[in-house]
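The values are calculated or read from the model by the stated rules, or taken from the named source; none is laboratory data. From a predicted model like this one, the values you see are computed outputs, not experimental measurements. Cβ: placed from backbone, ideal geometry, glycine included. Neighbour counts: every protein chain shown.
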Amino acid sequence: MSGSAPVSTGSTKLDALKQNTEAMVNPEKISGINLYSRFAFAGAVCCSLTHGGMTPVDVVKTRIQLDPITYNRGLIGGFRQVIANEGAGALLTGVGPTFAGYFLQGAFKFGGYEFFKQQSIGIVGYENASAYRTPIYLASAAIAEFFADVALCPLEATRIRMVSEPGFANGLVGGFGKIMKNEGIGGFYSGFGPILFKQVPYTMTKFVVYEKVAEYAYANFFDKATTSSGMQTTINLGSGLIAGFAAAIISQPADTMLSKINKTKGLPGESTASRLIKIAGELGVRGSFAGLPARLFMVGTLTAGQFAIYGDIKKAIGAVGGVEIAK
């Protein structure tokens, strides 16, 4: 986050030319598609590993959201109930769509965030970007998440259907094919509105809180130029954990509605908007935050893991050409 910051020439075109020249002179500082494809790969791996690894928690969390009367014993009690009722294997329900969906989503989310952040710097110039970095973080995260959700939505719909309806399908291919056959392409995107409503604020919060916490740590306690690799990973973990807690709280109501709307098909002629209004009315404020402790644990853990893995993979594959705008 800290270290030697690029000095603006006063011209956005010259700034961009200077950065490209530096990238060519310094072979360690790559740019263009070579750089952003590495960001995307690191993001794909960190998201698929963390979300896939948290599948058992997600299964219990979804059960609590969809049937709070039955699953009313908290996270640990929910684990015991699922195992007692369906066997331990039920905790891995939807693991295929989770890995596949979040591999795609992670690529678009992290790669897109870095790309749109860089484009913003090119448009407004480095000095202005540094002064207004929070709006740039927010806008870059929102745009990247929109495209990430287009890729994620069909697989997330498949995952939720498999988790909410035991026996719906025996895997990713079967579940995906069944929805396509019975409901068409619209069946995959019935939850696109709520997934945007959930994921865009989630991602905006996640990135801006992470950036701010890490920026504070490097500005007040560490010098990034001399901080060891292990300590950088620790800072990424801590910043990610705080970012995950904040993002989980912001997006919890939409996450609950997404689980509800994907559980069953709407009535004939019923729009997604009317379904959302009806679900929100049925849930109320208390119901909207059902399963929050489980989700805090899940999102905090996976977000911390994501930023730690993302940072380590970037270093391992040489994705170090991005321009930072933190002071």
_Quick check on Gly244: is it crowded, with 20+ Cβ neighbours inside 10 Å and at pLDDT 90 or above?_
yes
*Any residue at all in segment 247-261 that is over 29 Å from Leu152 (Cα atoms), surrounded by 18 or more Cβ atoms within 10 Å (Cβ to Cβ), over 15 Å from the mean Cα position of the chain (by Cα) and not basic (Lys, Arg)?*
no
*Across segment 75-110, what is the total count of residues that are touching a residue at least 24 places away in the same chain (Cβ under 8 Å) and farther than 18 Å from Leu196 by Cα?*
13
*asked:* I'm trying to understand the selection: among the residues of segment 141-199, which are crowded, with 19+ Cβ neighbours inside 10 Å, touching an Asp or Glu at 6+ places or on another chain (Cβ under 6 Å) and either at pLDDT 85 or above or not basic (Lys, Arg) (or both)?
replied: Ile195, Gln199
